[in-house]
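What follows is a short report on a single structure.
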Amino acid sequence: MTNIPAMAIAGVIMVALTFYVLFAGADFGGGVWDFFARGNREKAQRDLISHAIAPIWEANHVWLILVIVLLFTCFPAAFATIAITLHIPLTLMLVGIVLRGSAFIFRSYGSEADAAQQRWGRVFAIASIITPVLLGMCVGAIATGGIARAPLGGSFVAIFLEPWLTFFGFGVGMLALALFSFLAAVYLTVEAHGTELQEDFRTRALWAAGAVFVIAFVVLALSWSEAPMVRHALMGSPWALPFHIVTGIAAVAAIAALWRRHFRLARLAAAAQVTFILWGWAAAQYTYVLPPALTIDATAAPTRTLVLMLWALAAGACVLLPSLVYLFRIFKLQQRG
């Protein structure tokens, strides 16, 4: 019998992860373009990136915190396995998030000397590149089933390195980096409305879209040997073909809108494309939290805990969502003013 509260919370986790990818992911992508800022408008490009992500870059991490809390509370067995087996990339990811945030603040409000600005800028950019790759490698490790298959009492390498240090995991990490860069470039075309920077980021968005296309096919090829369960679901499930068609339409719409300079439409289509890719991964390993052994039902906390958490989520959403919308509008109006 399906555990409805557990399924509902698993859905909330995916929604929170989607928001994290669409918003915080774009912030990481902004750091990528900060690293690659070049030409006569180099300073203007970096200023636009800082201007765009400054309002809510720190608030975006609330979605990641929500994912962690829900996993810890509602799926403790899965959380313990992930946190132990992937403690190395997760710790490095946390260090990257902290370094990135600290560097952004020090560059924005610290010394105005060029050397200090460049130093903190490099830390911000490099951390913005490495962190998404580590996040993608963790997702890749989950998709391959390597975490659940890690041998009990095995060597350090077999338990803590082999599950995530794979070609497939690295491919997923590079795909995450390309997707975040694509999102950031598309979003920045809207932020740069009426300036020459709009064309700069339009070009970057088109190149990033091409990178997403190539890396996605490489990851699919690697999945044949390293993530067969996910590959089989993505290729052979009844929902697979319609899902791929919808994702393809979103991708083509984003590229066409960029090409024709309909930047707001491109932003909507790009967000839809990334959302479909993320949910495709979730659908491919449903009903598992950690394939091929730990299902949602098997790892769920007691029903009373799940029900109380759902009530807490409903109450929290009434505070969190309006607060984030208000925060975003206030800062954006202040910047425009």
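The values are calculated or read from the model by the stated rules, or taken from the named source; none is laboratory data. Only a predicted model underlies this, so the values are computations on that prediction, with no experimental measurement involved. Cβ placement follows ideal geometry from the backbone for every residue including glycine, while neighbour counts extend to all protein chains displayed. Remember, those area values only see protein heavy atoms, side chains included, never the ligands or the DNA or RNA. Shrake-Rupley method; radii C 1.70, N 1.55, O 1.52, S 1.80 Å.
Summary of values
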read-out	value
Restricting the range 250-298 to residues that are part of a loop (DSSP other than H, G, I, E, B) and within 22 Å of the chain's Cα centre (by Cα), the residue that is surrounded by the most Cβ atoms within 10 Å (Cβ to Cβ)	291
Some residue of the range 65-73 being open to solvent by 30 Å² or more (accessible area, probe 1.4 Å), under 22 Å from residue 302 (Cα atoms), out of contact with any Asp or Glu (no Cβ under 8 Å at 6 or more places or on another chain) and hydroxyl-bearing (Ser, Thr, Tyr)	yes
Conditions (1) under 25 Å from residue 204 (Cα atoms); (2) open to solvent by 30 Å² or more (accessible area, probe 1.4 Å); (3) at pLDDT 90 or above: number failed by residue 45	(2)
Pick from the range 1-16, criterion open to solvent by 30 Å² or more (accessible area, probe 1.4 Å) and part of a helix (DSSP H, G or I), ranking: modelled with the lowest pLDDT	4
Pairs with Cβ under 6 Å, 6+ apart, first in the range 75-87 and of a type in the set (Gly, Ala, Ser), second open to solvent by 40 Å² or more (accessible area, probe 1.4 Å)	78/294
Single condition residue 232 does not satisfy, out of (1) surrounded by fewer than 21 Cβ atoms within 10 Å (Cβ to Cβ); (2) under 21 Å from residue 135 (Cα atoms)	(2)
Hey, residue 17 within 22 Å of residue 309 (Cα to Cα), out of contact with any Ser or Thr (no Cβ under 7 Å at 6 or more places or on another chain) and of a type outside the set (D, E, K, R) or not	yes
Enumeration of residues in the range 180-202 that are within 22 Å of the chain's Cα centre (by Cα) and either over 23 Å from residue 130 (Cα atoms) or open to solvent by 40 Å² or more (accessible area, probe 1.4 Å) (or both)	187, 189, 190, 191, 202
Positions within the range 289-337 being within 28 Å of residue 146 (Cα to Cα), free of Cβ contacts under 8 Å to residues at least 12 places away in the same chain and among the hydroxyl-bearing types (Ser, Thr, Tyr), in sequence order	295
Residues located in the range 184-213, provided they are among the aliphatic types (A, V, I, L, M) and assigned to a helix (DSSP H, G or I)	184, 185, 186, 188, 190, 197, 205, 206, 208, 209, 211, 212
Exclusive hit being at pLDDT below 95 and either of a type outside the set (Asp, Glu) or not in a helix (DSSP H, G or I) (or both), set 173, 146	146
Test for residue 304: is it among the basic types (Lys, Arg) and assigned to a helix (DSSP H, G or I)	yes
In the range 299-322, residue modelled with the lowest pLDDT [restricted to those that are of a type outside the set (A, V, I, L, M, F, W, C) and open to solvent by 60 Å² or more (accessible area, probe 1.4 Å)]	322
Test: residue in the range 101-116 that is open to solvent by 70 Å² or more (accessible area, probe 1.4 Å), out of contact with any Leu (no Cβ under 8 Å at 6 or more places or on another chain) and under 22 Å from residue 177 (Cβ atoms)	no
Selected residue (criterion: farthest from the chain's Cα centre (by Cα)) from residues of the range 203-220 that are of a type outside the set (Phe, Trp, Tyr) and exposed (fewer than 14 other Cβ atoms within 10 Å of the Cβ)	203
Flag if residue 61 is open to solvent by 20 Å² or more (accessible area, probe 1.4 Å) and over 17 Å from residue 196 (Cα atoms)	yes
